[in-house]
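To start, the structure itself, in structure tokens.
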Amino acid sequence: MIKNKSSCPAPAKFLIFVLSRGENSFYKKIMKWADKLRPKLLFLRSGAAKVSLSGGNQAELDKKLVFSLAKKRIPSWSQFKHLKMFLSRRELWFIRLSFLLITLALTFLFFQYSHDHWVSGPAVGGEYCEALIGTPKYINPIYASISDLDSDLTALIFSSLFRRDGQGQLQPDLAENMEKNEDGRQYKIKIRSDAVWHDGQPLTVEDIIFTFQAIKDSEYHSPLRASFTGVEISRPTEDSVQFSLNEAYAAFPELLTFGILPKDIWQLIPPANATLSALNLKPIGSGPFKFKSLVKDQSGRLRTYELERNKDYYQNAPWIATVRFKFYPAYEEALSALAGQECDGLSYLPFNRRSEVAAVNQFNFYLLRQPQINAIFFNLKSGVGGERAVRQALARALPKKSLVAEIFGDYAQAIDGPIRPESFAYKDDFLKYEYDPAAAALSLEQAGWRLATITAEQVKTSQEQANADDETVRAPATEVLFFGPGLWRQKDGRWLKITLKMSDRGENLVLGQAIQNAWEKIGVKTVLTGLPATEIASQVIKTRDFEALLYGFMVGADPDIYPLWHSSQIGENGLNITGYSNKDADQLLEDARFANDQSVRKEKYGQFQEIIAADTPALFLYTAAYTYLQAKKIKGFAVDAIVAPYNRFANINDWYIKTAGTWR
């Protein structure tokens, strides 16, 4: 046996110690074998080679001894943990530090590799819930245009020949390509062959022809019918349709965004019964989402409408598995649902309700550009609005840019004309009425409207005369009391006053008060009248019962503003609400509408902007953004501009909630 362990080098000590921890029988065998080996080792150490007793050879012999005693060259963990008993403190700290550095290096390399090669992207799944105000009625493309709610659902369920992208530009949908003939009266469109209905049947050219003919059929009572007066459809080839127009119309493709109906299903329903069909609420389309379910309350009112992704969609199928719409009677209920996390989005947030949104940090507020023109429209056939000098003075008296910025902030952009700055037809160098109250006052003076003072004494006297029996005494006294003390404009015994009507929404009233203050500073008495939005159309616009009207129009993506300003559109059925009539302006609008060359259209619309700026039938104020509210958990939204509210879904196929990672 090895009697003197202390004489052994450190490695031998360690291995002898390790081996001694085993069973006694094994230990005794090892010791017996070592005793036999020891004389041979001593001979080698003192032999003729005269190898030094200390040095490299002794270490080699010790190593051979250790390896001959061990079954394995690598100790087990239970053995290895005793290593610290044979190492100095300095050696232990060196090993620990080395291990730490190696671990950190490996960790860094792993994260660096993961960063460069691990890609996280959209995955199918998740549910998006949106709150809307009102109740849908016709989820049918030939009727949906009369309701934003109907249009929202229709846009997701049905396909169309063309659709809008995230910039509001027209893009092919079912159309593969379009050819227009030289005179601009024929449009030939080739139809893609891979579109299928939600029931698995192929979508064909026959479906497109059927839908268009249904729109034109008076028995269907489609609101789109008037848009296609003088337009016929034919089938020149098996995979194409052709639209033939009585006269050229440059913006005609803009009309081809209506959804397509399945002929095989709808031809079984008599046109007179079309509005009564259950298919208006449970439709079959070919769009990115398909009908799944609906829930009504006890009164029969639709409360929830659910769609599921169409995995067979001919373009890239959506990532989101389910889209659910919840309908509320008013914004208070919808905003409450958002606060309670019952919904992930709100279809539209009115400007005056921004402060009512709870947990603001959980939502994205998307400000989408839209083709809306807000202006003060003057009735050219009523009151002082018929005087161009007065209209121009009122334009110069208004600090429009600062008011729009102060009241609306990023939610609106000041404008100077009837064509939006984003349009190809916009002309920048035309007459613009900058804020100049001195020039405004001068214009009124030159037009005969002089400043006159109403004193407090006159007001007191008029109070006594207001109840006089004599009309010639009572009427002037009543007018003095109406104006009150101050400096006011007067001409030929008449006081200058104007009544401005508007919708009674919060932001309109704030803007109206600012306009009132600005106009009264130059001596023009201004009366504000706020009315419910529903009454503006029926009681003000249709009857033309206004002197000045603060109102907004949607003008469309194309700069064609013929309906708003051509003299043929004057009257209760037209949209020329000011009664504006100018032969040169009419001719420019006609030429621009029918021209095929965009550069020609741009030139014509530029000349029109110059004429209308000089005539000033309206004071153009701002274009407002469409505010769309959406929870931050929804990723992939990429829409900047819309033409209609439903265009907020322009890239819904790219929205996602779930994610998954892959190595690349």
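Read the figures in this text as sums done on the coordinates, not as results from a lab. Given the structure is predicted, the values throughout are model-derived calculations rather than measurements. As a convention, Cβ positions derive from the backbone with ideal geometry for all residues, glycine included, and neighbour counts pool all protein chains shown.
Numbers for the structure displayed
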| read-out | value |
| --- | --- |
| Counting DSSP beta bridges with both ends in the stretch 127-330, the antiparallel % (nearest 5) | 80 |
| Crossing angle, helix 205-216 versus the chain [Cα axis fit, 0-90 degrees, rounded to tens] | 30 |
| Cα-Cα P(r), the stretch 263-365, percent of pairs per 10 Å interval | 12, 31, 32, 20, 5, 0 |
| Fully extended contour minus Cα-Cα distance, from HIS115 to GLU590, at 0.36 nm per residue | 165.0 nm |
| Tilt relative to the chain, helix 148-157 - C-alpha long axis, 0 to 90 degrees, to 10 | 40 |
| Exposure proxy ranking, count of Cβ atoms within 10 Å, fewest first, for SER193, SER336 | SER193, SER336 |
| Angstrom value of the Kirkwood radius, inverse mean 1/r, which spans all Cα pairs in the chain | 32.0 |
| Semi-axis lengths, Å, the stretch 452-492, gyration tensor of Cα atoms, sqrt of 5 times eigenvalues | 18, 12, 6 |
| ASP312-ASN246 pseudo-label distance in nm [points 7 Å out on the Cα-to-Cβ vector] | 4.2 |
| The chain, helix-only ellipticity at 222 nm - DSSP H runs n ≥ 4, -39,500 (n - 2.57), divided by all residues, nearest 500 | -10000 deg cm²/dmol |
| Modelled FRET efficiency - R0 45 Å, ILE611 with ALA456, Cβ distances, 0.05 increments | 0.45 |
| Bins of 10 Å, starting at 0 and running to the largest distance - Cα pair percent for the stretch 202-244 | 27, 52, 21 |
| Sequence-distant aspartates and glutamates (8 or more away, or on other chains) whose Cα lies within less than 19 Å of LYS432 | GLU387, ASP416, GLU422, GLU603, GLU610, ASP615 |
| Residues HIS115, HIS221 arranged by fewest to most Cβ contacts within 10 Å | HIS115, HIS221 |
| Peptides ranked, highest mean first, by Cβ atoms within 10 Å: ranges 282-289, 559-566 | 282-289, 559-566 |
| Folded to 0 to 90 degrees: helix 56-69 orientation relative to the chain principal axis, Cα | 80 |
| Listed peptides 293-300, 523-530 by packing density, highest first (mean Cβ within 10 Å) | 523-530, 293-300 |
| Residue-span extension gain [GLU332 to ARG494] - 0.36 nm each, minus C-alpha spacing | 53.6 nm |
| GLU232/ASN651 FRET efficiency (R0 35 Å; Cβ-Cβ; nearest 0.05) | 0.55 |
| Ordering of 344-352, 363-371 by packing [mean C-beta count within 10 Å, highest first] | 344-352, 363-371 |
| For the stretch 127-330: rounded, prolate or oblate by the Cα gyration tensor [a/c cutoff 1.5] | prolate |
